[in-house]
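Remarks on the structure that follows.
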Amino acid sequence: MKPTVVITGANRGVGLALAGHYFDAGWQVIGVCRQSSEELDRVADQVIENIDVTQPDDIVRLVTALDGQAITLLINNAGMLRDESLGNIDFDSIREQMEINAYAPLRVVEALLPNLAEGSKIANITSRMGSIADNDSGGRYGYRASKAALNAFGKSLAVDLKPKGIAVAQLHPGYVQTRMVNFGGLISPQEAALGIAARIEALTLDNSGGFWHSNGELLSW
C-alpha cells in the first residue's frame, strides 16, 4: 500500500510543489484547498476543495472526506502573509493571520488525530520570521506572531504525540518565489519542496519538535 500525504494549501506555490514531489515519489497525494488548480489535479489522487481551514464546518467536511483514510504524513502548508507597521496596525489583519497561520494547523491536527497512527509524521510549514531570537528588523506583527504561535503549538504537539509514535517538525521553506512575496524569492518552490521533503525524511521521534530551515539549518526559537 502506498504511503499517503495530506497537504493543505496544495493548489499553488510550495504546497503544489510538495504535491508534485510526493506524486513523483509514488505516494498517494491528497490535496486540500479552497479551489483546485489544473496543476494540482494532475498530481493529486484526491482533491478536497472548498475547504477553509479556519472554519469549523469545513473541518468537519474534511474529516468526513478522509474518514477511514490512514495518513502517513500531514503537511500544514496553508498560510497568509500581511504587513503591518507601528502606528498603522490593523488588528483585524493580525487576527486573520493568527486564524490561518496558527489556529488552523492545530485545528486540522486535532481533527485528524484518528487518521494518524504510530509512525505518522506532521510537518508544519512555518517561517524564520516566527523566530524571536532572529528578529532584528521588526514589523510584520501579525505574521511574526502567528508563526511564533505555530512554532509553540508544534512543540507542544511533538511532546503530546511522542507517546503515540507521531513525530512533528516546524519547517521554514526559505525565501521562496511564490505569490506570497510577489515572486521575489531566492529559490523556486521545487527547490523548497526538495529541502522540506529531506527534513521530513530525517524526522524521527528523537528529534521531534525541532524548528529547521529547509536547507537543514537548526533555527533559533
Cα convex hull of region 102-151: mean projected area in nm², to one decimal? 4.0
Which of the lysines could a cross-linker bridge to Lys164, judged by Cα under 17 Å and excluding same-chain residues fewer than eight apart? Lys121, Lys155
Mind checking the angle between helix 13-24 and the chain's longest principal axis? C-alpha axes, 0 to 90 degrees, to the nearest 10. 20
When Trp212, Trp221 are ordered from fewest to most other Cβ atoms inside 10 Å of their Cβ, what list results? Trp221, Trp212
Taking neighbour Cβ counts within 10 Å as the exposure measure, how do Leu161, Leu171, Leu106 sort from fewest upward? Leu106, Leu161, Leu171
Which order do Lys162, Lys155, Lys147 fall in if you start with the one that has the fewest other Cβ atoms within 10 Å? Lys162, Lys155, Lys147
For Cα pairs less than 8 Å apart in space and 6+ apart in sequence, what is the mean separation divided by the residue count of region 4-213, i.e. the relative contact order in percent? 20
Give me the angle, in degrees from 0 to 90, between the Cα long axis of helix 189-202 and the longest principal axis of the Cα atoms of the chain, rounded to the nearest 10. 70
Rounded to the angstrom and largest first, Cα extents along the principal axes for the chain equal 54, 38, 33
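Every number here is computed from the coordinates shown, using simple stated rules; none is lab data. Given the structure is predicted, the values throughout are model-derived calculations rather than measurements. We place every Cβ from the backbone using ideal geometry, glycine too, and count neighbours over all the protein chains shown.
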